[in-house]
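The values are calculated or read from the model by the stated rules, or taken from the named source; none is laboratory data. Remember, it's a predicted structure, so these values are computed and weren't measured experimentally. In this analysis, Cβ positions are derived from the backbone assuming ideal geometry, glycine residues included, and neighbour counts consider all displayed protein chains.
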Amino acid sequence: MAELVDRFGRKIEYLRLSVTDRCDFRCFYCIPKGFNEFSDRGDQLTLDECVRLVRVFSEMGVGRVRFTGGEPLVRRDIVEMVRRIGAMPNIHDLSMSTNASQLARCASEIRAAGVERLNVSLDTLDPETFRQITQGDLSRVLDGLMAAKSAGFRPIKINMVVMRDLNMHEVGDMVDFCLEHRFTLRFIETMPVGEAGVSARDRYVSLSEIREMLEQRFELEPARMTGAGPAKYLKVVGGRLKIGFITPMSQHFCEDCNRVRLSSEGTLYLCLGQGDKLEFRPLLRGGVDDDELKGHILEAIERKPEKHEFDTKPGQVVRVMSMTGG
Ligand code: SAM
Ligand code: SF4
């Protein structure tokens, strides 16, 4: 089997699959105000195209897939897609990033189709602040989260983008909420990806500041977490709660990068913070066979950049976060 190892010796075994660029929310740090340039339906990869690409990647050593978006649950054939990908012999880990707004309706179906691990975006527990950030309805998200808990996803991780003068003061409340429900909590620094991400830069908080805040209330010790990726985890001493810190800005985690990202239009992005890419759609629609596809993938992995440059070149990634799924 042709394994995917890049120039820097990093083994690529994780694919983040953005199944749609559309979303029922409008988080201001993700989708620019008034943005209306979502892709044409015909330009989105079909169910069969997505499944074929994942199969080819799985034959090259990719065993883990995360469904993301946009909001993956607004794609109509998502359950079928999860089922078909979950049935592939080399795929051993299926996860999903979601805003949870649709989970009250479909949590059990998604769980039964094969997704085990869930990341849910939740920046605030205050309905007004929630509306201000997302333009959406907090109660739907909380209902969705409870449905996910009942459906048996393990773990459920809450992703909180921490922002100055907006939700930073809720860090303690979010710890209590996650303790109560046995969720894992992860804090994320704002990233200057796309116009929206750049506009959120003035709300940037370094997570070392959050850690100091937490240390005033809790005794923390290092923790291990399977599938931790770029997050560094701490644990409250004597308790179950694990707290992750995702710090793309203040610390590089690129040396351990094991992933690539496929957009819903069929563009393979080799790094979240760089423009290097491979366009699959013309290849797929031009009748490429599997061996040729594998050749293109190997050539692209050769080009995977060493690291992002968010700190030295903020704003150089102009694509919208909802295209590539973060
Ligand atoms: N809609 C799903 C969700 O919200 O979880 C999946 C896609 S969303 C783009 C994936 C993650 O990217 C979310 O946790 C979101 O908070 C994060 N994100 C989006 N824009 C960001 C930015 N500028 N900085 C940091 N995180 C961002
Ligand atoms: Fe939608 Fe997720 Fe982006 Fe918010 S972060 S607008 S929920 S894709």
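Computed values, structure above
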quantity: Residue ID - farthest from ligand 1 (Cβ to nearest atom), chosen from residues in the stretch 3-19 that are aliphatic (A, V, I, L, M) and under 19 Å from the mean Cα position of the chain (by Cα); calculated: Ile12
quantity: Test: residue in the stretch 159-180 that is under 29 Å from Arg84 (Cα atoms) and modelled with pLDDT of 95 or more; calculated: yes
quantity: Residue check, Met191 within 29 Å of Phe218 (Cβ to Cβ) and at pLDDT below 95; calculated: yes
quantity: Qualifying residue in the stretch 125-141 (condition: in contact with a helix residue (DSSP H, G or I) (Cβ under 6 Å, 6 or more places away or on another chain), within 14 Å of ligand 2 (Cβ to nearest atom) and not in a loop (DSSP other than H, G, I, E, B)); calculated: yes
quantity: Those residues of the stretch 97-110 which are over 15 Å from Arg76 (Cα atoms) and buried (at least 20 other Cβ atoms within 10 Å of the Cβ), in sequence order; calculated: Ser97, Asn99, Ala100
quantity: Filter result for Arg22 (under 19 Å from the mean Cα position of the chain (by Cα) and either within 16 Å of ligand 2 (Cβ to nearest atom) or modelled with pLDDT of 95 or more (or both)); calculated: yes
quantity: Per-region count, the stretch 148-161, residues crowded, with 20+ Cβ neighbours inside 10 Å and over 16 Å from the mean Cα position of the chain (by Cα); calculated: 2
quantity: Odd one out for Asp77, checked against (1) away from ligand 1 (no atom under 16 Å from the Cβ); (2) under 21 Å from Val175 (Cα atoms); calculated: (2)
quantity: Search result, residues across the stretch 61-109 that are among the β-branched types (Val, Ile, Thr), within 16 Å of ligand 2 (Cβ to nearest atom) and more than 13 Å from the chain's Cα centre (by Cα); calculated: Val74, Ile78
quantity: Residue check for Cys30: more than 20 Å from Asp143 (Cα to Cα) and within 16 Å of the chain's Cα centre (by Cα); calculated: yes
